[in-house]
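First the structure, in the form of structure tokens, and then the observations on it.
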Amino acid sequence: MAVSITVDAAAAGSGPAAGLAPAVFIDKDGTLIHDLPYNVDPARVRLREDAGPALARLQQAGYRLVLITNQAGLAHQKFEEEALQPVWDILASLLGLYGVTLDAIYYCPHHPQGSHPEFGRGCDCRKPAPGLLLRAARKHQLDLARSWFIGDILDDIEAGHRAGCRTVLLDVGAETEWRNSPLRRPDRVAASLTEAAADILAAAALAGATMEMAE
């Protein structure tokens, strides 16, 4: 599977325009797969039980699927960058069983407290910053106003809103800090990826119906 992988992101992005595609941005650890901190062993990667069917519905509805993930293990020197490729490969294989292909994968290798000489710093791509989403939108011609971010913590929600997307919080008990602000308030809360996909598709159907009535 062809994926687009970046280790940094530009600070600015273009706004939505006619002809651009909607996307669903998806957090990796805790959202797409069960969270095992700093895991790069592909044998231990497990999709959430409903991930394949839920993403298949979204892709069939015309959404681009883009994985957005902080990989601070690189900054903390828990693993090397080359160790991530087998993880991307197993994700492609597991999702392929459901006919799903990720359009792109973007990850941030930075952390301000990291010990890595290159990655141990602040950046504009580590969520809750929106840099990865903005870069993906420019490269893949995505309409951020019609796009969504699904994540399991409020940093995902903030990143999505700062990029101009709507958001779904996957409420699986991962958020522990609950630092609230308008940017961290999700548009939807879902108990599963199945519910998240249904909410996104329902919102798209409602928007389409509203446009038809306006015409």
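Couple of notes before you dig in:
- Candidate set: region 90-116, residues that are small (Gly, Ala, Ser) and under 20 Å from residue 127 (Cα atoms); chosen: the one surrounded by the most Cβ atoms within 10 Å (Cβ to Cβ): 104
- Lone unmet requirement of (1) surrounded by fewer than 18 Cβ atoms within 10 Å (Cβ to Cβ); (2) under 22 Å from residue 156 (Cα atoms) for residue 63: (1)
- Selected residue (criterion: modelled with the lowest pLDDT) from residues of region 12-29 that are surrounded by fewer than 18 Cβ atoms within 10 Å (Cβ to Cβ) and among the small types (Gly, Ala, Ser): 12
- Failed item, numbered, when residue 180 is tested on (1) within 17 Å of the chain's Cα centre (by Cα); (2) not in a helix (DSSP H, G or I): (1)
- Where residue 68 falls short, out of the listed (1) buried (at least 17 other Cβ atoms within 10 Å of the Cβ); (2) assigned to a helix (DSSP H, G or I); (3) aliphatic (A, V, I, L, M): (2)
- All positions within region 177-214 that are among the small types (Gly, Ala, Ser), at pLDDT below 90 and touching a helix residue (DSSP H, G or I) at 6+ places or on another chain (Cβ under 9 Å): 207
- Unmet criterion (only one of (1) at pLDDT 95 or above; (2) in a loop (DSSP other than H, G, I, E, B); (3) out of contact with any strand residue (DSSP E or B) (no Cβ under 9 Å at 6 or more places or on another chain)) for residue 93: (2)
- Candidate set from region 117-172 (those that are among the aromatic types (Phe, Trp, Tyr) and outside any loop (DSSP other than H, G, I, E, B)); member that is nearest to the chain's Cα centre (by Cα): 149
- In region 184-202, the qualifying residues are those that are part of a helix (DSSP H, G or I) and of a type in the set (Val, Ile, Thr), and the one that is surrounded by the fewest Cβ atoms within 10 Å (Cβ to Cβ) is 194.
- For region 117-129, a tally of residues being surrounded by fewer than 22 Cβ atoms within 10 Å (Cβ to Cβ) and either closer than 17 Å to residue 200 by Cβ or touching a strand residue (DSSP E or B) at 6+ places or on another chain (Cβ under 7 Å) (or both) returns 1.
- Summed over region 130-183, residues that are crowded, with 21+ Cβ neighbours inside 10 Å and of a type outside the set (A, V, I, L, M, F, W, C) total 11.
- Residue among 109, 53, 86 that is of a type outside the set (A, V, I, L, M, F, W, C), out of contact with any strand residue (DSSP E or B) (no Cβ under 8 Å at 6 or more places or on another chain), closer than 26 Å to residue 188 by Cα and touching a residue at least 24 places away in the same chain (Cβ under 8 Å): 53
- Residue 98 over 18 Å from residue 63 (Cβ atoms) and among the hydroxyl-bearing types (Ser, Thr, Tyr): no
- Residues satisfying the stated conditions in region 56-83, i.e. polar (S, T, N, Q) and free of Cβ contacts under 8 Å to residues at least 24 places away in the same chain: 60
- Qualifying residue in region 69-85 (condition: among the charged types (D, E, K, R) and under 28 Å from residue 143 (Cα atoms)): no
The values are calculated or read from the model by the stated rules, or taken from the named source; none is laboratory data. Source: prediction; values computed, not measured. Reconstructed Cβ throughout: ideal geometry from the backbone, glycine too, with neighbour counts over all protein chains shown.
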